[in-house]
Amino acid sequence: AVRAAFQINSRDGYSSVGFDDDHKQSARVNINWRPSDDLSLRVVGAWTHVGGIGPGYNFTPILDPRVRA
């Protein structure tokens, strides 16, 4: 018996320099082999790649002296 799962996420960032993008790929495989009633073998593998620039933040200072943080 073989079971496999794959997932791909890919999107550009929201800002002009590309921050807050999402580039991920992952896969998982599960193999179950039973050559006899007394013996069973299971092999499991997983792989993940996380890429992209990552989160970004914009800092906007408050210039009005009447507004207190």
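The values are calculated or read from the model by the stated rules, or taken from the named source; none is laboratory data. Just so it is clear, the model here is predicted, and its values are computed rather than measured. For accessibility, only protein heavy atoms count, side chains too; no ligands or nucleic acids. Shrake-Rupley method; radii C 1.70, N 1.55, O 1.52, S 1.80 Å.
Determine if segment 58-66 includes at least one residue that is assigned to a loop (DSSP other than H, G, I, E, B), polar (S, T, N, Q) and either more than 14 Å from the chain's Cα centre (by Cα) or at pLDDT 95 or above (or both). Checked against the condition, which is being assigned to a loop (DSSP other than H, G, I, E, B), polar (S, T, N, Q) and either more than 14 Å from the chain's Cα centre (by Cα) or at pLDDT 95 or above (or both), segment 58-66 yields at least one hit. Say we look at segment 15-57 and pick out the residues that are in a loop (DSSP other than H, G, I, E, B) and at pLDDT 80 or above; which of these is least open to solvent (accessible area, probe 1.4 Å)? Result: Asp21.
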